[in-house]
1. Under a crude label model (7 Å from the Cα following the beta-carbon direction), how far is residue 89 from residue 138 in nanometres?
2. Extension gain residue 2-residue 74, at 0.36 nm per residue separation less the Cα-Cα distance, in nm?
3. Neighbouring Cβ atoms within 10 Å as the yardstick, rank 6, 91 fewest first.
């Protein structure tokens, strides 16, 4: 068994969701357990609008963690951790406990909750962690592919025989 304990950083981004999906598949294949971690970055009063309190920001991160937990199937063991501090440092600190065989996280997972962080959390974790790190990028776009050739059904008009394709 290669992995027994997998640490998954989640922040609510689509890259984070993709990383979680991959970690779930790894956990199933390896009969491993997942620990989902979300880190609440420190916010100053100037960063929090008058309508939002620091407690509301923490609650929003807790909801992200709860939603990630709910996305894990019942046949995969999972625990959750909500930490506070610098996200990269806290993830690296947790990974250094020696309990985890792998860290899985998305790239460009700038949190939707607190805005873009200075620097890249995934880059710092990758360079500072002593545990293997698996980064899951989310494709920026899905490449368009040519329609597959398929036999015409009776009553279907034939496609034009020109080299140009129609765009909608």
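Coordinate-derived values only; no laboratory data. Only a predicted model underlies this, so the values are computations on that prediction, with no experimental measurement involved. Cβ placement follows ideal geometry from the backbone for every residue including glycine, while neighbour counts extend to all protein chains displayed.
1. It is 2.7 nm.
2. Contour length minus Cα-Cα distance gives 23.8 nm.
3. Listing 6, 91 from fewest to most nearby Cβ atoms yields 6, 91.
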